[in-house]
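Novice: Dropping the structure in here first, questions after.
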Amino acid sequence: MFDLMRDRSYDQYAALIFDMDGTLVDSGRLHELGWRATLAEYAIPVDHALMRSLVGVPTIGTLAILIRHFGCHVSASLDEMNRFKEAFVRGHMRQHVRPTALFDVVSRYHGIKPMAVGTGANTAEAREILRLCGFDGYFAHVVGADQVAEPKPAPETFLRCAALLDVPPGRCVVFEDAPLGLQAATSAGMACVDVLQVHGIGNNYFL
C-alpha cells in the first residue's frame with residue numbers, strides 16, 4: 001500500500017476511484033438485512049465472519065461461495081437468488097443508506113480531477129444509491145459488477161474505471177474498505193487508501 005500525505009491531500013494523483021458500499025456509502029445495515037432475508041429465503045446458513053470476509057464480492061459470487069461452503073442443496077438458480085436480494089435492496093435502500101465522510105473528498109476534487117466509482121454492486125443499483133446519498137453528478141463513470149467479466153478481487157473493475165477516465169492506472173488512487181477491494185487496486189497497479197485506517201470510516205456489517 002502506498003504512503004499518503006498526512007493532510008490527506010490527493011493532489012499527486014491524476015484520478016480518484018472509489019468503491020461504493022462501506023466506502024462512499026454507509027450501507028452495511030442495508031446489505032446485512034438483504035443478506036439475512038435472502039439466506040433465510042433459500043435456507044442457507046449465516047456465518048458472520050465468512051460474510052465479512054466476502055465484502056466486495058458481488059452477490060452471485062458470494063452465493064456460489066456460500067452454497068459450496070455449506071454444501072447446500074438449493075433448487076433456485078443463482079440469478080433468481082440474486083434478483084431476490086436486489087429486490088430487497090431496492091425496497092429498503094431509502095431507509096438505510098447515507099454518505100460517509102468521503103463526501104468531503106469528493107466535493108473537494110469535483111471538477112478538478114476525474115473521478116469514478118468501481119463497485120461490486122449492479123450498475124443501476126449503484127447509481128440509485130449514489131443518487132439517494134447526494135452523489136448524483138459527481139462521477140464521470142460508475143462501473144458495476146455487471147460491466148466486467150471478473151469482478152473484485154480481480155483488478156478489472158478498477159482498470160475499466162481508469163480506461164474510461166483515460167488515465168494510466170499508475171496515476172490513479174483507489175479508496176476501499178474491503179481487503180478484497182484493496183487487493184484488486186494493488187493488482188491494478190494503483191495506489192490505494194484503506195478508508196478505515198486513513199479516514200476512520202467503518203462498516204457495520206455482520207458485526
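The values are calculated or read from the model by the stated rules, or taken from the named source; none is laboratory data. Every value quoted in this text rests on a predicted model; they were computed, and no experiment measured them. Neighbour counts are summed over all protein chains in view; Cβ atoms, including those assigned to glycine, are modelled from backbone coordinates with ideal geometry. The area values use the complete protein model at the heavy-atom level, side chains included, leaving out ligands, DNA and RNA. Shrake-Rupley method; radii C 1.70, N 1.55, O 1.52, S 1.80 Å.
Novice: Collect the residues in the stretch 111-150 that are under 13 Å from the mean Cα position of the chain (by Cα), in a loop (DSSP other than H, G, I, E, B) and at pLDDT below 95, keeping them in residue-number order.
Specialist: G120, A121, N122
Novice: Identify all residues within the stretch 151-169 that are modelled with pLDDT of 95 or more and part of a loop (DSSP other than H, G, I, E, B); write none if there are none.
Specialist: Result: A154, P155, D166, V167, P168.
Novice: Just the residues that are under 22 Å from N203 (Cα atoms) and either in contact with a Phe, Trp or Tyr (Cβ under 8 Å, 6 or more places away or on another chain) or surrounded by fewer than 17 Cβ atoms within 10 Å (Cβ to Cβ) (or both), please, taken from the stretch 42-59.
Specialist: Answer for the stretch 42-59, where residues must be under 22 Å from N203 (Cα atoms) and either in contact with a Phe, Trp or Tyr (Cβ under 8 Å, 6 or more places away or on another chain) or surrounded by fewer than 17 Cβ atoms within 10 Å (Cβ to Cβ) (or both): P45, V46, D47, H48, A49, L50, M51, R52, S53, V55.
Novice: Give the residues of the stretch 93-107 that are outside any strand (DSSP E or B) and buried (at least 16 other Cβ atoms within 10 Å of the Cβ), sorted by residue number.
Specialist: Answer for the stretch 93-107, where residues must be outside any strand (DSSP E or B) and buried (at least 16 other Cβ atoms within 10 Å of the Cβ): M93, H96, V97, T100, L102, F103, V105, V106.
Novice: Tally up the residues in the stretch 75-86 that are at pLDDT 95 or above, open to solvent by 30 Å² or more (accessible area, probe 1.4 Å) and touching a helix residue (DSSP H, G or I) at 6+ places or on another chain (Cβ under 9 Å), please.
Specialist: 3
Novice: Here is a further query. Which pairs do you get when a residue that is farther than 18 Å from R52 by Cβ, found in the stretch 65-84, comes within reach of a residue that is outside any helix (DSSP H, G or I) and among the hydroxyl-bearing types (S, T, Y), reach meaning Cβ atoms under 6 angstrom, with the pair 6+ apart or on two chains?
Specialist: V74/Y42; A76/Y42; M81/Y42
Novice: Oh, and also: Check whether at least one residue in the stretch 122-132 is on the phi > 0 side of the Ramachandran plot and open to solvent by 10 Å² or more (accessible area, probe 1.4 Å), and report yes or no.
Specialist: The first filter runs over the stretch 122-132 and keeps only residues on the phi > 0 side of the Ramachandran plot, leaving none.
The answer is no, given that none of the residues of the stretch 122-132 is on the phi > 0 side of the Ramachandran plot and open to solvent by 10 Å² or more (accessible area, probe 1.4 Å).
Novice: Tell me, which residue of the stretch 170-207 that is part of a helix (DSSP H, G or I) and open to solvent by less than 50 Å² (accessible area, probe 1.4 Å) is nearest to T119 (Cα to Cα)?
Specialist: Among those that are part of a helix (DSSP H, G or I) and open to solvent by less than 50 Å² (accessible area, probe 1.4 Å), it is G181.
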